[in-house]
Amino acid sequence: MFKKLILLIITFSLTQTTYALEPQNLDLVKQSLMQYHSSGQYQKDTKIVIDQAMTYLKKRISQPYKKPLAIVLDIDETSLSNYPDMAALSFGGSLDDIMREEAKGTDQAIKPTLELYQFAKANHVAVFFVTGRTQNYKDATIKNLKQVGYTDFDDLILKPENYNEKTVSIYKAGARKAIQDKGYNIVLNIGDQQSDLDGGFAEKSYKLPNPYYLIP
Ligand SMILES: [Mg+2]
């Protein structure tokens, strides 16, 4: 009886397939990404972060300051949304597909960021866009920004075509340093990627949600 039990246990153990931890199913991940957006949770989470940034900006405006104040905004998934294009490409597509969509210049504004922008401009705070988009997309980007309400920003800084560091944070932090060197005090830096925020040159940094892609 005892021997039989041992044999049964051994047989049972040998027939159990041992998987390494199976990664999440791709289709289910895509469904959850779409659900995050269509449920309105993405928009709510975005607004929560922008509200925090707005509170800080209001506080800074109310305090006396010597240097002109500025805010830095990233563009994609911070000021403009690529969601319809991403969903149409099923969160994939080749680099060419993505670039083609970018060049159309038809992205919608991310509303809470647009409101923060309008508040900043109305209170004489300079607004600089610092984007990972390259110089080739300058005209399409300016047209797109103006069309959706970002009408009189102070500058648009685009990534050089030949930039080839492993992270965009070197370029982005350098761009913020250049703004501060012009005499501005950057009180807010807002982006959807950690690489938008790393490297300093801002009093406060705020990270918006983006579960759709990662830019090192
Ligand atoms: Mg971005």
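The values are calculated or read from the model by the stated rules, or taken from the named source; none is laboratory data. As the structure is a prediction and not an experimental result, all values here were calculated from the model. Reconstructed Cβ throughout: ideal geometry from the backbone, glycine too, with neighbour counts over all protein chains shown.
Points worth noting:
- Being free of Cβ contacts under 8 Å to residues at least 60 places away in the same chain and polar (S, T, N, Q) holds for only one residue in ASN123, ASN136, and it is ASN136.
Every residue, every condition in (1) within 16 Å of the ligand (Cβ to nearest atom); (2) under 15 Å from the mean Cα position of the chain (by Cα); (3) crowded, with 16+ Cβ neighbours inside 10 Å, yes or no:
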| residue | (1), (2), (3) |
| --- | --- |
| GLN35 | no, no, no |
| VAL72 | yes, yes, yes |
| ALA103 | no, no, no |
| GLU115 | no, no, yes |
| ALA122 | no, no, no |
| VAL130 | yes, yes, yes |
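- Here ASN189 clears all of (1) within 16 Å of the ligand (Cβ to nearest atom); (2) free of Cβ contacts under 8 Å to residues at least 40 places away in the same chain; (3) of a type in the set (S, T, N, Q) except the condition numbered (2).
- Residue satisfying condition, being touching an Asp or Glu at 6+ places or on another chain (Cβ under 6 Å) and of a type in the set (Ser, Thr, Tyr), within set THR134, THR141, THR151, THR167: THR134
- Checking each residue in region 21-74 for being in contact (Cβ under 8 Å) with a residue 12 or more places away in the chain, hydrophobic (A, V, I, L, M, F, W, C) and farther than 20 Å from LEU214 by Cβ picks out ILE50, ALA53, MET54, LEU57, ILE61, LEU69, ALA70, ILE71, VAL72.
- Residue count for region 33-47, restricted to those that are part of a helix (DSSP H, G or I), within 23 Å of GLY191 (Cβ to Cβ) and of a type in the set (Gly, Ala, Ser): 0.
- Among the residues of region 133-147, the one identified as within 16 Å of the ligand (Cβ to nearest atom), more than 14 Å from ASN82 (Cα to Cα) and in contact with a strand residue (DSSP E or B) (Cβ under 6 Å, 6 or more places away or on another chain) is THR134.
- Within region 44-54, the set of residues being under 20 Å from ASP196 (Cβ atoms) and away from the ligand (no atom under 16 Å from the Cβ) comprises LYS47, ILE48, ASP51, GLN52, MET54.
- Within region 74-101, tally of residues that are assigned to a loop (DSSP other than H, G, I, E, B), surrounded by 15 or more Cβ atoms within 10 Å (Cβ to Cβ) and modelled with pLDDT under 90: 1
- All told, MET54 falls short of being surrounded by 11 or more Cβ atoms within 10 Å (Cβ to Cβ), touching a helix residue (DSSP H, G or I) at 6+ places or on another chain (Cβ under 7 Å) and over 23 Å from ILE190 (Cα atoms).
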